[in-house]
Each structure stands twice: as structure tokens, then as C-alpha cells.
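The values are calculated or read from the model by the stated rules, or taken from the named source; none is laboratory data. Model, not experiment: these values are computed from the prediction. Because the Cβ atoms are built from the backbone with ideal geometry, glycine has one as well, and the counts that use them run over all protein chains shown.
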Amino acid sequence: MNGARRKVCLGALAGGAALLLGALEAQAKPARKERVIKVTARKFQYSPSEITLKRGESVVLELTAIDFVHGFNVPSLHLRADLPPGPVTRVRIPTDKAGVFDFLCDNFCGSGHEEMNGKITVLA
Ligand SMILES: [Cu+2]
């Protein structure tokens, strides 16, 4: 085998190894990294009440109500869920559009109910 030929072979070998490593790495990581944000709901607030996201990221809210079957409603995203006290309710937030999306409790929970709200900001 002459020198030039050997270089080509080594190049091919290195390329193959890099491909293999890349494939192994892809297997180890989930395809899309999911961002999980825990939110608690209690009379009469969500915590956190302001959530800032990046456009295109994969986001799931894990909502837990403490003291009542609060609601979680994002009218402009056509999303809503009941939040029974105790278990975690998972809600995936679409982030394909940038903007500010208000959310609110839509289960009447008492005198402060009207103030129980927050906002999701999706940055461009
Ligand atoms: Cu409420």
C-alpha cells in the first residue's frame, strides 16, 4: 500500500469512528430535551406566576394544587386543565409562537379568585 492510499484509509477509519460515536451519543440523549417547570396553585396565586420560555423549546408544566380544585386556563392557547389538589397535572405548552399568554384560574375558588392569574412569555 503506498503512502497516499494509506492516508485515505486512515481518513475513512476516523470518519467511521466519528459517525459511530455520534450515533452512540444520540442514543444516550433523548431526542428533544424537555424542560419541566413545577407550578403550585393555591388560594389565590400560582407560583411562579410569570413563566418565561424560549420559542421552540419543549416545555411541560407540572401543576400541583394545594387547597382546592383550581383551574389552569390559557385562553389564547386554547389550553385548560382542572387541578385536583394533590396529584401532578402535566400540561405541555406550545412554544411555536412568540408572545405573552395570560393564564388564570377558571374554577371559582373564593374571594381572591379574580386575582388568581399569571402569564407565560415566549421569547422570539
Ligand atoms: Cu383558584
- Task: Just need a number here: residues in the stretch 59-85 that are surrounded by fewer than 16 Cβ atoms within 10 Å (Cβ to Cβ), in a strand (DSSP E or B) and of a type outside the set (A, V, I, L, M).
- Result: 4
- Query: Of (1) away from the ligand (no atom under 16 Å from the Cβ); (2) in contact with a helix residue (DSSP H, G or I) (Cβ under 9 Å, 6 or more places away or on another chain), PRO87 satisfies all except one. Which?
  - Reply: (2)
- Long-range neighbours under 6 Å by Cβ, at least six apart or interchain, first residue under 15 Å from PRO85 (Cα atoms) within the stretch 101-114, second part of a strand (DSSP E or B) and within 6 Å of the ligand (Cβ to nearest atom): CYS105/HIS70; ASN107/HIS70; CYS109/HIS70
- Message: Any residue that is part of a strand (DSSP E or B) and within 11 Å of the ligand (Cβ to nearest atom) - is there at least one of those in the stretch 32-41?
- Response: yes
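Any idea which of GLU25, GLU50, GLU57, GLU62 is at pLDDT below 95 and either touching an Asp or Glu at 6+ places or on another chain (Cβ under 9 Å) or away from the ligand (no atom under 12 Å from the Cβ) (or both)?
Numbers: GLU50 fails: at pLDDT below 95; GLU57 fails: at pLDDT below 95; GLU62 fails: at pLDDT below 95.
Just a single option satisfies the conditions, and that option is GLU25.
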